[in-house]
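Beneath this line is the structure, given in structure tokens, with notes to follow.
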Amino acid sequence: MSTSRSPRRDFRVLTRRRGGYDGAAMVDVQLQLAATGALVWAQTFSDSEQAEIFQRELEDDLHDLDDTAFRRKYGVPASI
């Protein structure tokens with residue numbers, strides 16, 4: 001088992017629903033800094049089921065991966 005820092009201490013996941021073009025619904029899955037709420041990145045989906053699957057995977061990885069593996073998988077620089 002890794003003794004590395006957990007990314008759950010530094011990041012949180014937020015999902016926002018918004019209107020899109022021609023009445024379509026869009027879902028933004030966001031990775032934020034837990035301390036400030038600053039946006040690290042967002043992934044936008046037009047399919048709410050795909051968004052839910054991605055959100056669950058992201059939340060599971062926050063829990064299961066160590067910080068280095070999480071940052072590598074999701075493209076989060078060490079400087080953030």
- [ ] For the range 1-33, enumerate the residues that are at pLDDT below 95 and of a type in the set (A, V, I, L, M).
- [x] Met1, Ala24, Ala25, Met26
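Give the residue, chosen from Val29, Val40, Val13, Val76, that is outside any strand (DSSP E or B), open to solvent by less than 60 Å² (accessible area, probe 1.4 Å) and not small (Gly, Ala, Ser).
Numbers: Val29 fails: outside any strand (DSSP E or B); Val40 fails: outside any strand (DSSP E or B); Val13 fails: outside any strand (DSSP E or B).
The conditions single out Val76.
The values are calculated or read from the model by the stated rules, or taken from the named source; none is laboratory data. This one's a predicted model, so the numbers in the text were calculated from it and none came from an experiment. Heavy atoms of the whole protein, side chains included, go into the accessibility calculation; ligands, DNA and RNA do not. Shrake-Rupley method; radii C 1.70, N 1.55, O 1.52, S 1.80 Å.
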